[in-house]
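A short worksheet on the structure shown next.
The values are calculated or read from the model by the stated rules, or taken from the named source; none is laboratory data. Predicted, not measured: the structure shown is a model, and the values here were computed from it. These accessible areas exclude ligands, DNA and RNA; they are computed on the full protein's heavy atoms, side chains included. Shrake-Rupley method; radii C 1.70, N 1.55, O 1.52, S 1.80 Å.
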Amino acid sequence: SAALGLATACLAERLDVYDDLPAEAREEALLRQIDTYIEHNLGDPELTPGAVAARHHISLRRLHLLFQGRPAGVAATIRGRRLAAARADLLRPDLTRRPVHSIAARWGFSSAAVFSRAFRQAYGTSPTELRRRRVARKVNDPCAQRTCR
C-alpha cells in the first residue's frame, strides 16, 4: 500500500492534481521523499534538519511534526543512519587501512572526536576498538585463513 500511495502521489503531481489527494497520502509521499533525500546525502556535513526542510520547501516545524510519529526525530535519524553507515565501513575488510577519521568524514561527521563520542554512545565501544575486535576475530578464525570449506 505504501508503494501504491507513493505512485499515486507521483502521478497526481504529474497530472497537477496533487492537492486533490488525501492529506495522509501527501504526507506519506513527502516522508518518503525526505527519507530518500537523507539517505542520498548522508555524507554531506551540511545535512541538517534545516537543510532538509529547505530542500522540501517546508518549515522546520512542519518537518519536526512529520517525524513525530517515528521512533526518532530528524537529527537523530540523520545521526543514526550516518553511524550505521560508518560502522558498516569500519567492518569492511577492504577499508581496514582507511583511517577512522576518514570514514567519519565520508559520512558527514564534522570531526573525529564528535564521531567517536557519538559512536561510543550508540554502540558501547569506540570505532577503533570495534575495528580491532573484528581484525582479532578474523586472525583467530581458522575459516578466515581458508582452511575451512
Extension reserve of the ARG97-VAL135 stretch, reckoned as 0.36 nm per residue once the Cα distance is removed:
12.5 nm
Keeping all protein chains in position, work out how much accessible area SER102 exposes to a 1.4 Å probe, and write it in Å² to the nearest 10.
40
Please report the accessible area of GLU24 (heavy atoms, 1.4 Å probe, ligands and nucleic acids excluded) in Å², nearest 10.
150
